[in-house]
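Written out below as structure tokens is the structure these notes cover.
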Amino acid sequence: MESRVVYTEEVDDVEEAVKEIFDKLSDFELQKNSLAIIFSEEEIDYPELYKALSERWDFPIIGCTTMGILTSDGAGFKGDGMSLMVITGDECRFAADVTEELTLDNYQGIINDMYHSLSDQLGCEEKVILSYGVCVTAMNHVSGDDLLRATDSAGRAMPIFGGLASDRFNFEETRVFCNDKVIKNGQVIALIGGDIQIKYLSVNSVESMPKPKTYTVTKSKNNEVYELDGMPMVDLLEKEHFEVTKTEVMRDYLLTPFIATVEKPDGAKVRAARNLSFLDLEKRSGLFLGDIPEGSRLEIGIVKRERVTQSLSDVLFDMMKEIDESDHKYTTVICTSCAARYLALSTQIDEEAERWFPQMPKDLTFMGMYSYGEFCPASDVVDGKDYNMFHNFTFTILAM
């Protein structure tokens, strides 16, 4: 497997953007099978971009919108523009598609059918499932955990990596792409198989409060929590002096996440950060971006700039160490980083990229995006077994 990443600022001028992309890829040799991934600011005219790219490429192109880009073609972080990664190889295979618009009534069947169609196209067992979906901002939308759970079930627990599309915090311009299709409430999936090896790591950026408080989820359904310690959730938040005067609260709680200790069906316990996105003031309940089952333990945390910076250093150090010690040649890194990290770093986000960018091996291409939620396997806190998980407040990294 080989890969190349190119970045362009020319999102407003598709003709110029395509010219720059092909110029930068002029010495990059495509092999038998290829896949392109695009992360772009929300203003992109993707249909026109795809039309121009497909005149020369006949392989799948997937992607999504994002508030910020990490790219090896440049200084690391870009707040606008578009980054494109081409992955190619004679011994690896790719199959990709995007769902139609998803609802709570249809998402399981649609994702299951699409996965099995892609699996038939791939013709071999996938090593990893790349998946990018759409954010939850209202009570009737499909949650990040809904997308993950449906994909995990269809994919027989194969590793899932990716996240939720983002925009500039207006939560209305998120989109996912695949070939000539653009979907506002859906999921794009790419299966990657063949002669490849993968490694993945994740680390969250959440610290406990100075005087941590942990609550038991006494009543919930999927990603909606009704009661904590027997008290209506909104009442408890009001008691703890949190924002409870409006319904759309995702941005208000980006820097005060919840840490859920979730018990899996086989008894394993996995910790995951969760973002509160919506309050139902009549039912006094809260809707999260991921599931919080009854019986889970829920702790209110905090995101600090120092922890955000250190967590990235930790995961990059661990990943580079594993790559260096491996007999396999790794060429490609894809990252997904949470929007809360973006907010916490604020004006220092460029400085962060400048610090870790020089640490990356020169022969390793990487590309990443800031998301409203991350897909990456996480380990049981007891025996270390991996489970596909939906995260918030987390930096995730996939090496191939």
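The values are calculated or read from the model by the stated rules, or taken from the named source; none is laboratory data. Everything numeric here is computed off the predicted structure, so don't read it as measured data. To get the accessible areas, we keep the full protein, side chains included, count just its heavy atoms, and leave off ligands, DNA and RNA. Shrake-Rupley method; radii C 1.70, N 1.55, O 1.52, S 1.80 Å.
A few points about this structure:
- Between the amide H of Asn185 and those of Leu102, distances stay under 5 Å, these residues lying 5 or more places away or on another chain, with hydrogens modeled in the peptide plane.
- Taking only protein heavy atoms and a 1.4 Å probe, the accessible area of the stretch 1-126 is 37% carbon and sulfur.
- Of all the options His328, His241, His116, the one that moves most in a Gaussian network model of the chain with Cα springs shorter than 10 angstrom is His241.
- Against the chain, whose longest principal axis is taken from its Cα atoms, helix 107-122 shows a tilt of about 30°.
- Both radii come from the Cα set of the chain: Rg as radius of gyration, Rh as Kirkwood radius; their ratio Rg/Rh reads 0.95.
- For the stretch 152-287, the fraction of 1.4 Å probe accessible surface lying on carbon and sulfur atoms is 46 percent.
- Taking amide hydrogens as placed 1.01 Å from N in the peptide plane, the amide H of Gln31 sits under 5 Å from those of Gly89, each at least 5 positions away in sequence or on another chain.
- Counting only DSSP H runs of at least 4 residues, each contributing -39500 (n - 2.57), and dividing by the residue count of the chain, the helix-based mean residue ellipticity at 222 nm comes to -7000 deg cm²/dmol.
- In degrees, nearest ten, helix 14-24 long axis to first principal axis of the chain (Cα): 70
- Listed pairs Lys24/Lys362; Lys239/Lys283; Lys24/Lys51; Lys19/Lys78 exceeding 26 Å between Cα atoms: none
- For the stretch 35-50, 3J(HN,Hα) computed residue by residue from phi via the Karplus equation (6.51, -1.76, 1.60; θ = phi - 60°) reads 8, 10, 10, 10, 10, 9, 4, 5, 7, 4, 8, 5, x, 5, 4, 4 Hz, glycine and proline entered as x.
- In sequence order, calculated HN-Hα J values of the stretch 233-239 (Karplus, 6.51, -1.76, 1.60; Hz; x Gly/Pro): 4, 4, 5, 5, 4, 5, 4
- Nearest-ten-degree value, helix 305-325 long axis tilted from longest Cα axis of the chain: 50
- Per residue, the solvent-accessible area of the chain (1.4 Å probe, heavy atoms of protein chains only, all protein chains present) comes to 41 Å².
- Amide hydrogen neighbours beyond the local backbone of Ile192, cut-off 5 Å, H modeled: Lys127, Val128, Leu130
- Global geometry of the stretch 26-104, whether rounded, prolate or oblate, following the gyration tensor of its Cα atoms and the 1.5 cut on a/c: oblate
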